[in-house]
Amino acid sequence: MKITICIGSSCHLKGSRQIVEELQFLVAENNLVDKVELAGTFCMGNCMNGVSVKIGEEPFSVKPETTKSFFEDEVLSRL
Ligand code: FES
């Protein structure tokens, strides 16, 4: 599974770096390093909401404080 996190300037200001770090931690903690690939991308043209994150081609808006529930609800349920 590939998760792409926007590191464009607007998403950066909303905490994309924190989200990347949290996702790296959660992936490692759940022993999913060989199943989940994390990638960064520049602006996805969806700066209005939270930080733009995609699972495959499916777009989500994530905030630092919702990263854990995003991981549990959307990532773990798809594996
Ligand atoms: S900066 Fe992230 S979608 Fe635009």
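Angle check, please: helix 16-29 long axis (alpha carbons) against the longest principal axis of the chain (alpha carbons), in degrees 0 to 90, nearest 10.
In the chain, helix 16-29 runs at an angle near 0 degrees to the longest axis.
Per the helix-only calculation at 222 nm, which mean residue ellipticity applies to the chain, given -39500 (n - 2.57) for every DSSP H run of n ≥ 4 and division by its residues, nearest 500 deg cm²/dmol?
Working: 3 runs with 23 residues, N = 79.
Mean residue ellipticity at 222 nm (helix-derived): -7500 deg cm²/dmol.
5 Å is the cut-off here: which amide hydrogens, built 1.01 Å from N in the peptide plane, fall below it relative to GLY40, excluding neighbours closer than 5 in sequence?
For GLY40, whose amide H was placed from the backbone, the distant partners under 5 Å are ILE5.
Starting from the Cα gyration tensor of region 2-78, multiply each eigenvalue by 5, take the square root, and state the resulting semi-axes largest first in whole Å.
Working: eigenvalues 73, 29, 25 Å².
Semi-axes (√(5λ), whole Å): 19, 12, 11.
Give the list, by residue number, of cysteines in the chain with no other Cys Cβ closer than 4.7 Å, or say none.
Singleton cysteines: CYS43, CYS47.
Only four residue types carry charge here, +1 at the Cβ of Lys and Arg and -1 at the Cβ of Asp and Glu. Report the dipole size of the chain about the Cα centre in Debye, rounded to the nearest 20.
Numbers: 8 positive and 11 negative charges, 47 e Å.
Using Cβ point charges on Lys, Arg, Asp and Glu, the chain gives about 220 debye.
Values in this text are rule-based calculations from the coordinates and carry no lab data. Predicted model, so just to flag it, every value in this text is computed and none were measured. Cβ sites come from the backbone with ideal geometry, for glycine too, and all protein chains shown count toward neighbours.
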